[in-house]
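Student: My structure is below; once you've seen it, I'll send some questions.
The values are calculated or read from the model by the stated rules, or taken from the named source; none is laboratory data. As the structure is a prediction and not an experimental result, all values here were calculated from the model. Here the Cβ positions follow ideal geometry from the backbone for every residue, glycine too, while neighbour counts run over all protein chains shown.
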């Protein structure tokens, strides 16, 4: 099983930094000229392309990605479909949960 913690931070106008912990390995990606959802999907898909035949549990602060994946799939979301295609091709069992904010 692979555990991933993903945190997306807006660092400027249309600029986001994604920090991920992939079983203790730190990954950082910077996205410019982007909306908030693209970095969440793109960074996760990049990690998943390196895996095969495993279970992956993701905790993310992207409420939109967690909601689309688990509750209300947007059938027009190209990013969601590409993520699902990657998961299917790589034989991955994926769960995504939204990070719970501390009071």
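Student: Does residue 62 qualify as being more than 10 Å from the chain's Cα centre (by Cα) and crowded, with 17+ Cβ neighbours inside 10 Å? Please lay out each step first, then the result.
Tutor: Values: more than 10 Å from the chain's Cα centre (by Cα): no; crowded, with 17+ Cβ neighbours inside 10 Å: yes.
So residue 62 fails the test.
Student: Since residue 100 meets every condition but one in (1) within 19 Å of residue 21 (Cβ to Cβ); (2) touching a strand residue (DSSP E or B) at 6+ places or on another chain (Cβ under 7 Å), which condition does it not meet?
Tutor: So residue 100 meets the others, but not (2).
Student: Can I ask one more? Restricting to the range 1-19, and then to whatever is without any contact (Cβ under 8 Å) to a residue 24 or more places away in the chain and within 15 Å of the chain's Cα centre (by Cα), can you tell me which residue is nearest to residue 94 (Cα to Cα)? Even if it seems obvious, please write down each step before you answer.
Tutor: Here is the first cut: in the range 1-19, the residues without any contact (Cβ under 8 Å) to a residue 24 or more places away in the chain are 9, 11-17, 19.
Filter once more, keeping what is within 15 Å of the chain's Cα centre (by Cα): 9, 16-17, 19.
Details: 9: 23, 16: 24, 17: 23, 19: 19 Å.
So, considering only residues that are without any contact (Cβ under 8 Å) to a residue 24 or more places away in the chain and within 15 Å of the chain's Cα centre (by Cα), the one nearest to residue 94 (Cα to Cα) is 19.
Student: Being surrounded by 18 or more Cβ atoms within 10 Å (Cβ to Cβ) and in contact with a helix residue (DSSP H, G or I) (Cβ under 6 Å, 6 or more places away or on another chain) is the filter; apply it to the range 37-49 and report the residue that is farthest from residue 100 (Cα to Cα).
Tutor: Residues of the range 37-49 that are surrounded by 18 or more Cβ atoms within 10 Å (Cβ to Cβ), as a first pass: 37, 39-41, 43-44, 47-48.
From what's left, in contact with a helix residue (DSSP H, G or I) (Cβ under 6 Å, 6 or more places away or on another chain): 37, 40-41, 48.
Details: 37: 18, 40: 17, 41: 19, 48: 23 Å.
The residue in question is 48.
Student: Check 94, 83, 72 and return the single one that is free of Cβ contacts under 8 Å to residues at least 60 places away in the same chain and under 14 Å from residue 3 (Cα atoms).
Tutor: Testing whether each residue is free of Cβ contacts under 8 Å to residues at least 60 places away in the same chain and under 14 Å from residue 3 (Cα atoms) leaves just 94.
Student: I'd like to check something: does the range 20-36 contain any residue that is surrounded by 17 or more Cβ atoms within 10 Å (Cβ to Cβ) and touching a residue at least 40 places away in the same chain (Cβ under 8 Å)?
Tutor: no
Student: Still on this structure, please answer the following. Being at pLDDT below 95 and loosely packed, with under 14 Cβ neighbours inside 10 Å narrows it down to one of 67, 75, 52, 89, so name that one. If you could, list the steps in order and put the result at the bottom.
Tutor: Numbers: 67 fails: loosely packed, with under 14 Cβ neighbours inside 10 Å; 52 fails: at pLDDT below 95; 89 fails: at pLDDT below 95.
Unique residue meeting the criteria: 75.
Student: Go through the range 21-75 and report how many residues are within 21 Å of residue 10 (Cα to Cα) and part of a loop (DSSP other than H, G, I, E, B).
Tutor: 6
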